[in-house]
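Below is one structure, written out as structure tokens; the observations come after it.
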Amino acid sequence: MKKILTLFAVVGLIAFTSCEGPEGPPGPPGDNSLSPEAFEIKNVNLGRVADNEYNLKSTFQFEVGGNLYDDETVLIYRLTGVINSNTPVWQLLPRTIYLSDGNELDYDYDFSKIDFIITARGTYNLLSKPEYIQNQTFRVVIIPSNLAKTINTNNFSEVMSAANLKESQIQDIKL
């Protein structure tokens, strides 16, 4: 009798350990899903917060990946001019512009996993020089944080090259 109980116990143990239950929910994506992305916001007017502060608020709910992961970095560049039709000049934010009249203008940004804000603050009423808050073009580049630590993020071309992003991959976003 003891041998039969032992046999049932062993068979039962094997049966229960080899059982498979329903599949659980999917886990977070691995590092392979963290592919760099870039988009451009063309000819936008920043909205008034105060006489000397204007901003642009937006979420990451466009064609780009949705919410950011913890190990991604957002870089924002402002178009400051062009050398020729094929050579735009991009400056990484934050940036301080010293005007010839002694005033200063600061561009800054912050971001979370779901949104970003680009802010322009000056030591003067920004409407007196609207060229700094109207018809602005920005590029937003989302890259893995470990990549951001290894490159010169001030150099837009170097960022695009290191991220293996081509000009044709930059998505135009309408806000």
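The values are calculated or read from the model by the stated rules, or taken from the named source; none is laboratory data. Worth saying up front: this structure is predicted, and the values here are computed from it rather than measured. Using ideal geometry, Cβ is built from the backbone for each residue, glycine included, and neighbour counts are taken over all protein chains shown.
Some points to look at:
- Check on ILE117, of a type in the set (A, V, I, L, M), assigned to a strand (DSSP E or B) and at pLDDT below 95: no
- All positions within segment 124-175 that are under 11 Å from GLU40 (Cα atoms) and among the hydrophobic types (A, V, I, L, M, F, W, C): PHE138, VAL140, VAL141, ILE170, ILE173, LEU175
- Test: residue in segment 92-103 that is modelled with pLDDT of 95 or more, more than 20 Å from the chain's Cα centre (by Cα) and either aromatic (Phe, Trp, Tyr) or surrounded by 17 or more Cβ atoms within 10 Å (Cβ to Cβ) (or both): yes
- Taken over segment 116-175, the criterion of being surrounded by 14 or more Cβ atoms within 10 Å (Cβ to Cβ) and among the charged types (D, E, K, R) is satisfied by ARG121, LYS129, ARG139.
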